[in-house]
Amino acid sequence: MTELWRKPATEMVALLKGGDIRPVEAIDAAAERIEATNGAVNAMVTLCLERARDHAAGLEAGGYPENPGPGYLYGLPISVKDLVHVEGVRCTQGSPIYEDHVSIESDILVRNLEDNGAIVIGKSNTPEFGAGANTFNEVFGATRNPWDTAMNAGGSSGGAAVNLATGQCWLATGSDLGGSLRIPGAYNSIVGFRPSPGRCPRGTSTYMGRFNDMSVNGPMARNVGDVALMLDAMVGQYPDDPISLPVPNEPFQAAARAAAAPRRIGWSANMGIAPVEPEVAEICAAAAASFADLGASVDEACPDFTGAQEMFQILRAANYIAVHGRHVAEHRDLLKDDVIWNYEYGLSLTPEDIARANLTRARIHINLCRFFETYDLLVTPTVMAAPRQVEIRYLDEVAGVKFDNYVDWLMHTYVLTPSGCPAVSMPCGFTNDGLPVGLQLVAPPRAEAALLSAAAAFEANQSLQWRTPIDPRVK
């Protein structure tokens, strides 16, 4: 039991359920691992171990439910992204504006997970307000990639991904607007799962507003079975989240265990719009081709994403007006330039711009629905480039294509966000420099079960699924 941090979440839950270990032992194991690794990676930025131990004592004193749901976690420690409120715990949102803020109540996401037996041990680092795919901020500094601590860990759920990759916890919450579950999944060789809007309830912490259907919460874990376990613990329908969905009739873990290969996939390195580094394209193409080993046909095919870049940027910027108006008015000097740029871009929009973006969104959704009449999955790289030095805030050029903003290098993930399709980033290989590469699998709207089943089949056919957790590689 001295290396509990190495065990999958599903095995930990079985040990906790059977009484072989106690929740406080799992907390202590996580705390020891955080102490051993966090200095190198800066991923867990706020600990709440006293709260966690009190919670564990309450769980043991009260006993577990007689008939818990399939996602019940029996006292398993998790991390929560530092955009989400946990009662009595500091919540900075990565911003100096909220550097000293302590949450007075927990978000629905946290209450739901704690009702399902999770124990929060700490908050994971995020860029300011989750803006960008390099996890750094003025409150806590930068989170580093454990595969090479000189490199970017991805974002905005970068701290969560590194928590998992280094064994600081077994499951972690993340959120995803432009790829914030998927990108750090790819950069850390773990599984980042973006569910359909409404699948995981959101509350007062919701980054883009309660009725917004582009930003979602979702699970992160080291393998598909663990992601399915956490997804089962996260689902639920609540009046406070007007787009939340009912708990499905069949648990998502059953779909992951089925590990059914898709019949036909469409593969595209560039999605018709996105540059890709040749090495990343080569690794992902080989991984996509491996579906043929499972009996699937693999075609070069992709929906038409014409206009998707402009569409996403417009819809995102319009939301920035609602979310960050007060921040800009009252604390402009404390905000990073990227947030201000996004806000000002939103102010420049006209009603015609927003109408055009919504029409483009509808057209691309129709294109995807038609695509999925033929193909079970769309498969792409998760990110167009391998991790870069942590000091590089964002990429302004890839494969000879220049970008004029901090978001466009993430287009493999963000162009899919407005479709509502669930997507997952799967570990699929390493560059010649030993840096992780992720493969993005995309399924039809609300087809999480089919996506998990296909992802599990892919994972079982790879040699990478047990490559994490690792000790940080300090360079």
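The values are calculated or read from the model by the stated rules, or taken from the named source; none is laboratory data. Here the structure is a predicted model, which means the values were calculated and not measured. Because the Cβ atoms are built from the backbone with ideal geometry, glycine has one as well, and the counts that use them run over all protein chains shown.
Considering every residue within the stretch 427-438, establish whether at least one is in contact (Cβ under 8 Å) with a residue 60 or more places away in the chain, within 28 Å of residue 245 (Cβ to Cβ) and of a type in the set (A, V, I, L, M).
The answer is no, given that none of the residues of the stretch 427-438 is in contact (Cβ under 8 Å) with a residue 60 or more places away in the chain, within 28 Å of residue 245 (Cβ to Cβ) and of a type in the set (A, V, I, L, M).
Can you name every residue in the stretch 245-255 that is in contact with an Asp or Glu (Cβ under 9 Å, 6 or more places away or on another chain) and either farther than 24 Å from residue 119 by Cα or part of a loop (DSSP other than H, G, I, E, B) (or both)?
Those that are in contact with an Asp or Glu (Cβ under 9 Å, 6 or more places away or on another chain) and either farther than 24 Å from residue 119 by Cα or part of a loop (DSSP other than H, G, I, E, B) (or both): 247, 248, 251, 255.
Only one of 149, 173 is closer than 21 Å to residue 92 by Cβ and either more than 10 Å from the chain's Cα centre (by Cα) or surrounded by 24 or more Cβ atoms within 10 Å (Cβ to Cβ) (or both); which? Talk me through it step by step, then tell me what you get.
Numbers: 149 fails: closer than 21 Å to residue 92 by Cβ.
Result: 173 is the single residue among 149, 173 that is closer than 21 Å to residue 92 by Cβ and either more than 10 Å from the chain's Cα centre (by Cα) or surrounded by 24 or more Cβ atoms within 10 Å (Cβ to Cβ) (or both).
Out of everything in the stretch 117-126 that is out of contact with any Leu (no Cβ under 6 Å at 6 or more places or on another chain) and more than 16 Å from residue 192 (Cβ to Cβ), what residue ends up being surrounded by the fewest Cβ atoms within 10 Å (Cβ to Cβ)?
The residue in question is 120.
Select from the stretch 422-475 the residues that are of a type in the set (Val, Ile, Thr) and more than 19 Å from the chain's Cα centre (by Cα) and list them in ascending order. Give the steps one after another, and end with the answer.
Initially, the stretch 422-475 is screened for residues of a type in the set (Val, Ile, Thr), giving 424, 431, 437, 442, 468, 470, 474.
Hits for the stretch 422-475 are 431, 470, 474.
Can you tell me which residues in the stretch 422-460 are of a type outside the set (A, V, I, L, M, F, W, C) and touching a Leu at 6+ places or on another chain (Cβ under 6 Å)? Reasoning before the result, please.
Of all residues in the stretch 422-460, those of a type outside the set (A, V, I, L, M, F, W, C) come to 422, 425, 427, 429, 431-434, 436, 438, 440, 444-446, 448, 453, 459.
Listed by number, the residues that qualify are 422, 427.
I'd like to know if the stretch 323-335 contains one or more residues that are in contact with a strand residue (DSSP E or B) (Cβ under 9 Å, 6 or more places away or on another chain), in contact (Cβ under 8 Å) with a residue 24 or more places away in the chain, over 20 Å from residue 179 (Cα atoms) and aliphatic (A, V, I, L, M).
no
Taking the condition within 23 Å of residue 161 (Cβ to Cβ), of a type outside the set (A, V, I, L, M) and either in contact (Cβ under 8 Å) with a residue 40 or more places away in the chain or in contact with a Cys (Cβ under 8 Å, 6 or more places away or on another chain) (or both), does residue 382 pass? Spell out the reasoning first.
Details: within 23 Å of residue 161 (Cβ to Cβ): yes; of a type outside the set (A, V, I, L, M): yes; either in contact (Cβ under 8 Å) with a residue 40 or more places away in the chain or in contact with a Cys (Cβ under 8 Å, 6 or more places away or on another chain) (or both): yes.
So residue 382 passes the test.
Would you confirm whether any residue within the stretch 429-439 is acidic (Asp, Glu) and within 23 Å of residue 259 (Cα to Cα)?
Checked against the condition, which is being acidic (Asp, Glu) and within 23 Å of residue 259 (Cα to Cα), the stretch 429-439 yields no hits at all.
Does the stretch 78-93 include one or more residues that are in contact with a His (Cβ under 8 Å, 6 or more places away or on another chain), over 17 Å from residue 52 (Cα atoms), hydroxyl-bearing (Ser, Thr, Tyr) and part of a loop (DSSP other than H, G, I, E, B)?
yes
Give, as residue ranges, the helices (runs of 4 or more DSSP H) completely inside the stretch 316-430 that count at least 2 residues that are within 18 Å of residue 156 (Cβ to Cβ).
In the stretch 316-430, the matching helices (runs of 4 or more DSSP H) lie at 337-348, 411-414.
One residue is enough: does the stretch 230-244 have a residue meeting the conditions over 16 Å from residue 426 (Cα atoms) and assigned to a strand (DSSP E or B)?
no
So residue 431 clears everything in (1) closer than 30 Å to residue 38 by Cα; (2) crowded, with 22+ Cβ neighbours inside 10 Å except one condition, right? Which one?
(2) is the only condition that residue 431 fails.
Of (1) closer than 18 Å to residue 390 by Cα; (2) modelled with pLDDT under 95, residue 205 satisfies all except one. Which?
(1)
Kindly check whether there is at least one residue in the stretch 129-144 that is touching a Phe, Trp or Tyr at 6+ places or on another chain (Cβ under 6 Å), buried (at least 24 other Cβ atoms within 10 Å of the Cβ) and not in a helix (DSSP H, G or I).
yes
Could you list all residues from the stretch 33-68 that are in a helix (DSSP H, G or I), without any contact (Cβ under 8 Å) to a residue 12 or more places away in the chain and not hydrophobic (A, V, I, L, M, F, W, C)?
Those that are in a helix (DSSP H, G or I), without any contact (Cβ under 8 Å) to a residue 12 or more places away in the chain and not hydrophobic (A, V, I, L, M, F, W, C): 35, 39, 50, 54, 58, 62.
Is it the case that the stretch 211-221 has a residue that's at pLDDT 95 or above, part of a helix (DSSP H, G or I), closer than 26 Å to residue 380 by Cα and not hydrophobic (A, V, I, L, M, F, W, C)?
Looking for residues that are at pLDDT 95 or above, part of a helix (DSSP H, G or I), closer than 26 Å to residue 380 by Cα and not hydrophobic (A, V, I, L, M, F, W, C), one finds none in the stretch 211-221, hence no.
Would you be able to say whether some residue in the stretch 250-263 is surrounded by fewer than 24 Cβ atoms within 10 Å (Cβ to Cβ), of a type outside the set (S, T, N, Q), under 21 Å from residue 75 (Cα atoms) and at pLDDT 95 or above?
There is at least one residue in the stretch 250-263 that is surrounded by fewer than 24 Cβ atoms within 10 Å (Cβ to Cβ), of a type outside the set (S, T, N, Q), under 21 Å from residue 75 (Cα atoms) and at pLDDT 95 or above.
Out of 59, 76, I need the residue that is surrounded by 15 or more Cβ atoms within 10 Å (Cβ to Cβ) and either over 24 Å from residue 22 (Cα atoms) or in contact with a strand residue (DSSP E or B) (Cβ under 7 Å, 6 or more places away or on another chain) (or both). Which one? Walk me through how you get there before you give the answer.
Values: 59 fails: either over 24 Å from residue 22 (Cα atoms) or in contact with a strand residue (DSSP E or B) (Cβ under 7 Å, 6 or more places away or on another chain) (or both).
When all the criteria are applied, what remains is 76.
Test residue 213 against the stated conditions and say whether it is surrounded by fewer than 19 Cβ atoms within 10 Å (Cβ to Cβ), farther than 22 Å from residue 170 by Cα and acidic (Asp, Glu).
So residue 213 fits the description; yes.
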